[in-house]
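Asker: Questions regarding the structure given below will be posed in turn.
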Amino acid sequence: MRVVEAFRAAYGADPQTVWRAPGRVNLIGEHTDYNDGFVLPFAVPWGVTAAITPRTDGTIRLLSLQAPGEPVTLTSHDQSAGWTRYVVGVFAMLGERVRGADIAIDGDVPPGAGLSSSAALEVAVASALNDLHGLGLTPMEVALLSQKAENDFVGMPCGILDQAASALCEEGHALFLDCRSLASRNIPLDLAAHGLSMLIIDTQVHHQHADGEYAKRRAECESAARKLGVPALRDVTDLAAALDQLQGDERKRTMHIVTENHRVEALIGLLRAGAVTEIGALLNASHLSLRDQYEVSSPELDVAVEAAVRGGARGARMTGGGFGGSAIALVPVERLSSVEESVTAAYAEHGFQAPRFLPATPARGAHRLA
(Lines give C-alpha, C1' and ligand atoms only; values in the text may rest on other atoms or scores of the structure.)
Protein backbone atom coordinates (compact mmCIF):
# COMPACT_ATOMS: atom_id res chain seq x y z
CA MET A 1 0.00 0.00 0.00
CA ARG A 2 1.70 3.17 -1.19
CA VAL A 3 0.39 5.38 1.62
CA VAL A 4 2.08 3.05 4.13
CA GLU A 5 5.32 3.22 2.16
CA ALA A 6 5.11 7.02 2.12
CA PHE A 7 4.42 7.07 5.86
CA ARG A 8 7.39 4.80 6.54
CA ALA A 9 9.71 6.91 4.38
CA ALA A 10 8.63 10.16 6.03
CA TYR A 11 8.42 9.10 9.67
CA GLY A 12 10.71 6.07 9.95
CA ALA A 13 8.11 3.56 11.15
CA ASP A 14 4.86 1.90 10.11
CA PRO A 15 1.55 3.65 10.93
CA GLN A 16 -0.53 2.27 13.77
CA THR A 17 -3.70 2.28 11.67
CA VAL A 18 -4.91 2.93 8.12
CA TRP A 19 -8.48 4.01 7.32
CA ARG A 20 -10.22 4.73 4.04
CA ALA A 21 -13.32 6.86 3.52
CA PRO A 22 -15.09 7.33 0.17
CA GLY A 23 -16.40 10.32 -1.68
CA ARG A 24 -20.05 10.35 -2.64
CA VAL A 25 -22.54 11.02 -5.35
CA ASN A 26 -25.97 12.28 -4.42
CA LEU A 27 -28.57 10.34 -6.34
CA ILE A 28 -31.25 12.90 -5.44
CA GLY A 29 -32.03 15.37 -2.68
CA GLU A 30 -29.89 18.43 -3.46
CA HIS A 31 -29.56 21.34 -1.02
CA THR A 32 -32.24 19.73 1.14
CA ASP A 33 -29.81 18.67 3.88
CA TYR A 34 -29.41 22.08 5.51
CA ASN A 35 -33.18 22.52 5.25
CA ASP A 36 -33.75 19.50 7.54
CA GLY A 37 -34.91 17.50 4.54
CA PHE A 38 -34.25 14.14 2.87
CA VAL A 39 -31.23 13.01 0.85
CA LEU A 40 -30.24 9.84 -0.99
CA PRO A 41 -26.48 9.66 -1.64
CA PHE A 42 -24.27 6.67 -2.31
CA ALA A 43 -20.55 6.22 -1.77
CA VAL A 44 -18.30 6.10 -4.84
CA PRO A 45 -15.29 3.82 -5.39
CA TRP A 46 -12.85 6.73 -5.01
CA GLY A 47 -11.83 8.03 -1.63
CA VAL A 48 -9.12 9.14 0.78
CA THR A 49 -6.81 6.83 2.73
CA ALA A 50 -5.21 8.06 5.97
CA ALA A 51 -2.26 6.30 7.63
CA ILE A 52 -1.84 7.58 11.19
CA THR A 53 0.22 7.17 14.35
CA PRO A 54 -0.68 9.30 17.39
CA ARG A 55 1.71 11.75 19.06
CA THR A 56 1.69 13.15 22.59
CA ASP A 57 3.23 16.59 22.01
CA GLY A 58 0.33 18.37 20.28
CA THR A 59 2.11 18.41 16.92
CA ILE A 60 0.38 17.37 13.68
CA ARG A 61 2.72 16.30 10.89
CA LEU A 62 0.95 15.96 7.54
CA LEU A 63 2.10 14.40 4.31
CA SER A 64 -0.01 14.06 1.16
CA LEU A 65 0.92 11.98 -1.85
CA GLN A 66 -1.04 14.51 -3.90
CA ALA A 67 1.14 17.39 -2.61
CA PRO A 68 4.70 16.03 -2.81
CA GLY A 69 7.30 17.42 -0.44
CA GLU A 70 8.28 17.28 3.18
CA PRO A 71 5.58 16.81 5.85
CA VAL A 72 3.85 20.00 6.98
CA THR A 73 4.05 20.59 10.73
CA LEU A 74 1.00 22.16 12.39
CA THR A 75 -1.03 22.23 15.59
CA SER A 76 -4.79 22.06 16.15
CA HIS A 77 -4.77 25.84 16.67
CA ASP A 78 -3.26 26.69 13.27
CA GLN A 79 -5.58 28.49 10.88
CA SER A 80 -4.04 26.67 7.96
CA ALA A 81 -4.90 27.17 4.31
CA GLY A 82 -5.66 24.68 1.55
CA TRP A 83 -6.27 21.00 2.08
CA THR A 84 -4.58 20.86 5.49
CA ARG A 85 -7.35 22.85 7.16
CA TYR A 86 -9.79 19.95 6.79
CA VAL A 87 -7.45 17.74 8.81
CA VAL A 88 -6.59 20.40 11.38
CA GLY A 89 -10.29 21.12 11.79
CA VAL A 90 -10.92 17.52 12.87
CA PHE A 91 -8.22 17.83 15.53
CA ALA A 92 -9.66 21.15 16.67
CA MET A 93 -13.10 19.58 17.13
CA LEU A 94 -11.65 16.65 19.10
CA GLY A 95 -9.77 19.01 21.40
CA GLU A 96 -7.95 17.47 24.34
CA ARG A 97 -9.07 13.97 23.40
CA VAL A 98 -6.15 13.79 20.95
CA ARG A 99 -2.61 15.15 21.24
CA GLY A 100 -1.32 15.29 17.68
CA ALA A 101 -0.35 12.68 15.11
CA ASP A 102 1.89 11.75 12.22
CA ILE A 103 -0.29 11.36 9.13
CA ALA A 104 0.14 10.36 5.49
CA ILE A 105 -2.76 10.93 3.09
CA ASP A 106 -3.47 9.39 -0.30
CA GLY A 107 -6.59 10.27 -2.28
CA ASP A 108 -8.08 9.43 -5.65
CA VAL A 109 -11.34 11.42 -5.48
CA PRO A 110 -11.19 13.86 -8.40
CA PRO A 111 -10.92 17.25 -6.62
CA GLY A 112 -13.48 19.88 -7.52
CA ALA A 113 -15.69 17.34 -9.27
CA GLY A 114 -18.50 17.57 -6.71
CA LEU A 115 -17.71 14.12 -5.27
CA SER A 116 -16.90 15.45 -1.81
CA SER A 117 -13.18 14.87 -1.46
CA SER A 118 -13.15 17.16 1.58
CA ALA A 119 -15.68 15.04 3.49
CA ALA A 120 -13.74 11.88 2.58
CA LEU A 121 -10.59 13.43 4.03
CA GLU A 122 -12.34 14.54 7.22
CA VAL A 123 -14.07 11.20 7.78
CA ALA A 124 -10.93 9.14 7.08
CA VAL A 125 -8.90 11.12 9.63
CA ALA A 126 -11.71 11.26 12.21
CA SER A 127 -12.39 7.52 11.88
CA ALA A 128 -8.71 6.68 12.33
CA LEU A 129 -8.39 8.90 15.41
CA ASN A 130 -11.59 7.43 16.84
CA ASP A 131 -10.08 3.97 16.39
CA LEU A 132 -6.62 4.84 17.75
CA HIS A 133 -7.85 6.63 20.87
CA GLY A 134 -10.81 4.35 21.60
CA LEU A 135 -13.18 7.33 21.58
CA GLY A 136 -16.24 5.15 21.00
CA LEU A 137 -17.80 7.44 18.39
CA THR A 138 -20.50 5.90 16.21
CA PRO A 139 -20.24 6.39 12.43
CA MET A 140 -22.91 9.11 12.65
CA GLU A 141 -20.98 10.84 15.45
CA VAL A 142 -17.85 10.71 13.27
CA ALA A 143 -19.89 12.30 10.46
CA LEU A 144 -21.23 15.04 12.76
CA LEU A 145 -17.77 15.84 14.10
CA SER A 146 -16.43 16.04 10.54
CA GLN A 147 -19.29 18.33 9.52
CA LYS A 148 -18.57 20.56 12.52
CA ALA A 149 -14.93 20.79 11.44
CA GLU A 150 -16.02 22.00 8.01
CA ASN A 151 -18.65 24.38 9.40
CA ASP A 152 -16.76 25.89 12.31
CA PHE A 153 -13.10 25.61 11.27
CA VAL A 154 -13.10 25.73 7.47
CA GLY A 155 -16.07 28.10 7.34
CA MET A 156 -18.14 26.13 4.84
CA PRO A 157 -21.80 25.95 6.02
CA CYS A 158 -22.48 22.50 4.56
CA GLY A 159 -25.18 20.15 5.77
CA ILE A 160 -24.59 16.60 6.97
CA LEU A 161 -25.08 14.83 3.62
CA ASP A 162 -21.46 14.46 2.50
CA GLN A 163 -19.96 13.32 5.77
CA ALA A 164 -22.86 10.96 6.56
CA ALA A 165 -22.56 9.30 3.15
CA SER A 166 -18.82 8.83 3.60
CA ALA A 167 -19.22 7.34 7.07
CA LEU A 168 -22.43 5.29 6.76
CA CYS A 169 -22.96 4.01 3.23
CA GLU A 170 -22.96 0.31 2.43
CA GLU A 171 -21.76 -1.33 -0.77
CA GLY A 172 -24.56 -1.78 -3.31
CA HIS A 173 -26.87 0.63 -1.49
CA ALA A 174 -27.90 4.28 -1.37
CA LEU A 175 -28.29 5.96 2.02
CA PHE A 176 -31.72 7.41 2.82
CA LEU A 177 -31.07 10.06 5.46
CA ASP A 178 -33.52 12.28 7.32
CA CYS A 179 -31.30 15.28 8.00
CA ARG A 180 -33.42 16.42 10.95
CA SER A 181 -33.71 13.24 13.01
CA LEU A 182 -30.51 11.73 11.49
CA ALA A 183 -32.43 8.48 11.10
CA SER A 184 -30.99 6.56 8.17
CA ARG A 185 -31.26 3.29 6.33
CA ASN A 186 -29.49 1.83 3.36
CA ILE A 187 -31.71 1.17 0.34
CA PRO A 188 -30.60 -1.51 -2.18
CA LEU A 189 -29.42 0.05 -5.43
CA ASP A 190 -28.45 -2.79 -7.74
CA LEU A 191 -28.11 -1.01 -11.06
CA ALA A 192 -26.29 -3.85 -12.81
CA ALA A 193 -29.20 -6.23 -12.20
CA HIS A 194 -31.34 -3.90 -14.31
CA GLY A 195 -28.75 -3.44 -17.05
CA LEU A 196 -27.96 0.09 -15.90
CA SER A 197 -24.90 2.11 -14.99
CA MET A 198 -24.57 5.43 -13.17
CA LEU A 199 -22.25 7.57 -15.27
CA ILE A 200 -20.58 10.50 -13.55
CA ILE A 201 -19.79 13.29 -15.98
CA ASP A 202 -17.04 15.50 -14.56
CA THR A 203 -17.40 18.87 -16.26
CA GLN A 204 -13.78 19.72 -15.33
CA VAL A 205 -15.13 23.03 -14.02
CA HIS A 206 -13.84 23.06 -10.47
CA HIS A 207 -16.23 24.77 -8.13
CA GLN A 208 -15.54 26.63 -4.89
CA HIS A 209 -18.57 26.66 -2.61
CA ALA A 210 -16.91 28.78 0.04
CA ASP A 211 -16.96 31.78 -2.33
CA GLY A 212 -20.33 32.83 -0.93
CA GLU A 213 -22.96 31.48 -3.32
CA TYR A 214 -23.62 28.35 -1.26
CA ALA A 215 -23.93 30.41 1.92
CA LYS A 216 -26.25 32.83 0.10
CA ARG A 217 -28.63 30.01 -0.87
CA ARG A 218 -28.69 28.76 2.70
CA ALA A 219 -29.44 32.24 4.04
CA GLU A 220 -32.30 32.65 1.53
CA CYS A 221 -33.85 29.37 2.70
CA GLU A 222 -33.57 30.34 6.36
CA SER A 223 -35.12 33.73 5.66
CA ALA A 224 -38.01 32.12 3.76
CA ALA A 225 -38.64 29.68 6.61
CA ARG A 226 -38.80 32.56 9.12
CA LYS A 227 -41.32 34.42 6.97
CA LEU A 228 -43.43 31.26 6.69
CA GLY A 229 -43.26 30.63 10.43
CA VAL A 230 -41.77 27.14 10.11
CA PRO A 231 -38.56 25.72 11.62
CA ALA A 232 -37.24 24.82 8.15
CA LEU A 233 -38.53 24.59 4.59
CA ARG A 234 -38.92 20.84 5.13
CA ASP A 235 -41.99 21.74 7.24
CA VAL A 236 -43.92 23.44 4.43
CA THR A 237 -47.04 21.35 3.84
CA ASP A 238 -49.09 23.69 1.62
CA LEU A 239 -46.69 24.76 -1.10
CA ALA A 240 -49.17 26.95 -2.99
CA ALA A 241 -50.03 28.91 0.15
CA ALA A 242 -46.35 29.27 1.03
CA LEU A 243 -45.46 30.60 -2.40
CA ASP A 244 -48.22 33.21 -2.12
CA GLN A 245 -46.37 34.65 0.90
CA LEU A 246 -42.96 34.87 -0.76
CA GLN A 247 -41.36 36.80 -3.57
CA GLY A 248 -38.30 36.64 -5.78
CA ASP A 249 -35.45 34.32 -4.96
CA GLU A 250 -36.93 33.12 -1.68
CA ARG A 251 -40.03 31.96 -3.53
CA LYS A 252 -37.93 30.01 -6.03
CA ARG A 253 -35.71 28.45 -3.37
CA THR A 254 -38.77 27.26 -1.45
CA MET A 255 -40.27 25.75 -4.59
CA HIS A 256 -37.12 23.69 -5.14
CA ILE A 257 -36.67 22.46 -1.56
CA VAL A 258 -40.27 21.35 -1.09
CA THR A 259 -40.53 19.57 -4.43
CA GLU A 260 -37.06 18.03 -4.10
CA ASN A 261 -38.02 16.39 -0.81
CA HIS A 262 -41.03 14.87 -2.55
CA ARG A 263 -38.78 13.61 -5.35
CA VAL A 264 -36.54 11.83 -2.84
CA GLU A 265 -39.52 10.02 -1.34
CA ALA A 266 -40.89 9.16 -4.79
CA LEU A 267 -37.56 7.76 -5.94
CA ILE A 268 -37.27 5.57 -2.85
CA GLY A 269 -40.76 4.26 -3.59
CA LEU A 270 -39.66 3.27 -7.09
CA LEU A 271 -36.53 1.54 -5.78
CA ARG A 272 -38.57 -0.44 -3.27
CA ALA A 273 -40.96 -1.46 -6.02
CA GLY A 274 -38.05 -2.67 -8.14
CA ALA A 275 -38.76 -0.01 -10.77
CA VAL A 276 -35.16 1.14 -11.01
CA THR A 277 -35.44 1.88 -14.72
CA GLU A 278 -38.20 4.42 -13.99
CA ILE A 279 -36.21 6.80 -11.75
CA GLY A 280 -34.81 8.75 -14.69
CA ALA A 281 -37.77 11.14 -14.90
CA LEU A 282 -37.17 12.21 -11.30
CA LEU A 283 -33.51 12.91 -12.06
CA ASN A 284 -34.55 15.10 -14.98
CA ALA A 285 -37.07 16.99 -12.86
CA SER A 286 -34.48 17.53 -10.13
CA HIS A 287 -32.05 19.07 -12.60
CA LEU A 288 -34.63 21.45 -14.04
CA SER A 289 -35.50 22.60 -10.52
CA LEU A 290 -31.85 23.10 -9.59
CA ARG A 291 -31.30 25.04 -12.81
CA ASP A 292 -34.40 27.22 -12.76
CA GLN A 293 -35.53 27.48 -9.12
CA TYR A 294 -32.32 27.09 -7.12
CA GLU A 295 -30.05 28.56 -9.83
CA VAL A 296 -26.94 26.55 -9.00
CA SER A 297 -26.30 24.90 -12.35
CA SER A 298 -23.83 26.06 -15.00
CA PRO A 299 -23.69 25.99 -18.81
CA GLU A 300 -21.36 22.97 -18.67
CA LEU A 301 -23.72 21.04 -16.37
CA ASP A 302 -26.77 21.90 -18.49
CA VAL A 303 -25.08 20.79 -21.70
CA ALA A 304 -23.93 17.54 -20.05
CA VAL A 305 -27.44 16.70 -18.87
CA GLU A 306 -29.15 17.57 -22.15
CA ALA A 307 -26.58 15.72 -24.27
CA ALA A 308 -26.66 12.65 -22.01
CA VAL A 309 -30.41 12.30 -22.36
CA ARG A 310 -30.17 12.90 -26.09
CA GLY A 311 -27.52 10.16 -26.28
CA GLY A 312 -29.73 7.58 -24.59
CA ALA A 313 -29.60 8.16 -20.81
CA ARG A 314 -32.87 7.44 -19.01
CA GLY A 315 -32.35 10.55 -16.91
CA ALA A 316 -29.63 12.93 -15.78
CA ARG A 317 -29.02 15.80 -13.40
CA MET A 318 -26.30 17.89 -11.83
CA THR A 319 -25.11 16.52 -8.49
CA GLY A 320 -23.46 18.23 -5.55
CA GLY A 321 -23.57 21.88 -4.61
CA GLY A 322 -23.43 23.14 -8.18
CA PHE A 323 -21.60 25.96 -10.01
CA GLY A 324 -19.48 23.27 -11.70
CA GLY A 325 -18.46 19.81 -10.62
CA SER A 326 -20.31 16.79 -11.99
CA ALA A 327 -23.56 15.55 -13.44
CA ILE A 328 -24.87 12.00 -13.17
CA ALA A 329 -26.68 10.04 -15.86
CA LEU A 330 -28.64 6.80 -15.51
CA VAL A 331 -27.59 4.89 -18.61
CA PRO A 332 -28.44 1.46 -20.01
CA VAL A 333 -25.10 -0.34 -20.21
CA GLU A 334 -25.39 -0.79 -23.97
CA ARG A 335 -25.81 2.99 -24.39
CA LEU A 336 -22.73 4.09 -22.40
CA SER A 337 -20.60 4.73 -25.46
CA SER A 338 -23.41 6.61 -27.17
CA VAL A 339 -23.94 8.87 -24.14
CA GLU A 340 -20.23 9.61 -23.79
CA GLU A 341 -19.97 10.42 -27.50
CA SER A 342 -23.02 12.69 -27.32
CA VAL A 343 -21.69 14.66 -24.35
CA THR A 344 -18.18 14.90 -25.80
CA ALA A 345 -19.52 16.21 -29.10
CA ALA A 346 -21.74 18.76 -27.36
CA TYR A 347 -18.81 20.02 -25.29
CA ALA A 348 -16.67 20.40 -28.40
CA GLU A 349 -19.50 22.29 -30.13
CA HIS A 350 -19.72 24.73 -27.21
CA GLY A 351 -15.96 25.13 -26.92
CA PHE A 352 -15.84 23.56 -23.45
CA GLN A 353 -12.92 21.58 -22.11
CA ALA A 354 -13.45 17.84 -22.74
CA PRO A 355 -15.37 16.18 -19.87
CA ARG A 356 -14.24 13.17 -17.87
CA PHE A 357 -16.45 10.07 -17.56
CA LEU A 358 -16.50 7.94 -14.41
CA PRO A 359 -18.90 4.97 -14.28
CA ALA A 360 -19.71 4.44 -10.60
CA THR A 361 -21.15 1.66 -8.50
CA PRO A 362 -22.34 2.16 -4.89
CA ALA A 363 -19.34 1.51 -2.66
CA ARG A 364 -18.56 0.87 1.01
CA GLY A 365 -18.39 3.65 3.61
CA ALA A 366 -15.45 4.36 5.93
CA HIS A 367 -13.54 1.27 7.00
CA ARG A 368 -10.22 0.17 8.42
CA LEU A 369 -7.61 -1.21 6.01
CA ALA A 370 -4.82 -2.00 8.49
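Asker: Are any residues in the stretch 109-136 surrounded by fewer than 20 Cβ atoms within 10 Å (Cβ to Cβ) and at pLDDT 95 or above, and if so, which ones?
Answerer: Asp131, Leu132, His133, Gly134, Leu135, Gly136
Asker: Within the stretch 337-354, track down each residue that is over 11 Å from Arg310 (Cβ atoms) and under 24 Å from the mean Cα position of the chain (by Cα).
Answerer: Passing the criteria: Glu340, Gln353, Ala354.
Asker: Next question. Among Leu246, Leu270, which is farther than 19 Å from Asn35 by Cβ, free of Cβ contacts under 8 Å to residues at least 24 places away in the same chain and touching a helix residue (DSSP H, G or I) at 6+ places or on another chain (Cβ under 8 Å)?
Answerer: After applying the criteria, what remains is Leu270.
Asker: A further question on this structure: Are there any pairs with C-beta distances below 8 angstrom linking a residue in the stretch 54-66 that is of a type outside the set (A, V, I, L, M) to a residue that is surrounded by fewer than 16 Cβ atoms within 10 Å (Cβ to Cβ) and in a strand (DSSP E or B), with the two at least 6 apart or on different chains, and if so which?
Answerer: Thr59/Thr73; Arg61/Thr73
Asker: From the list Gly321, Gly365, which residue is touching a Phe, Trp or Tyr at 6+ places or on another chain (Cβ under 7 Å) and not in a helix (DSSP H, G or I)?
Answerer: Step by step, each of Gly321, Gly365 is checked, and only Gly321 is touching a Phe, Trp or Tyr at 6+ places or on another chain (Cβ under 7 Å) and not in a helix (DSSP H, G or I).
The rows are residues; the columns are (1) touching a Pro at 6+ places or on another chain (Cβ under 9 Å); (2) assigned to a helix (DSSP H, G or I); (3) within 25 Å of Leu191 (Cα to Cα).
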site	(1), (2), (3)
Arg253	no, yes, no
Val258	no, yes, no
Arg263	no, yes, yes
Ala281	no, yes, yes
His287	no, yes, yes
Val296	no, no, no
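Asker: Can you name every one of the strands (runs of 3 or more DSSP E) wholly within the stretch 1-97 that holds 3 or more residues which are surrounded by 14 or more Cβ atoms within 10 Å (Cβ to Cβ) and either β-branched (Val, Ile, Thr) or under 16 Å from the mean Cα position of the chain (by Cα) (or both)?
Answerer: The qualifying strands (runs of 3 or more DSSP E) are 17-28, 38-54.
Asker: While we're on this one: Kindly indicate the residue of the stretch 147-165 that is buried (at least 20 other Cβ atoms within 10 Å of the Cβ) and among the polar types (S, T, N, Q) and also farthest from Thr75 (Cα to Cα) among those meeting that condition.
Answerer: Per the criteria, the residue is Gln163.
Asker: Go through the stretch 278-305 residue by residue and tally those that are of a type in the set (A, V, I, L, M) and within 16 Å of Gly351 (Cα to Cα).
Answerer: Final tally of qualifying residues: 3.
Asker: Additional query: From the list Ala92, Ala143, Ala164, exactly one residue is at pLDDT 90 or above, over 16 Å from Val48 (Cα atoms) and of a type outside the set (D, E, K, R). Which is it?
Answerer: Going through Ala92, Ala143, Ala164 in turn, just one is at pLDDT 90 or above, over 16 Å from Val48 (Cα atoms) and of a type outside the set (D, E, K, R): Ala92.
The values are calculated or read from the model by the stated rules, or taken from the named source; none is laboratory data. None of the values given here were measured: they were computed from a predicted structure. Note: ideal-geometry Cβ built from the backbone for every residue, glycine included; neighbour counts use all protein chains shown.
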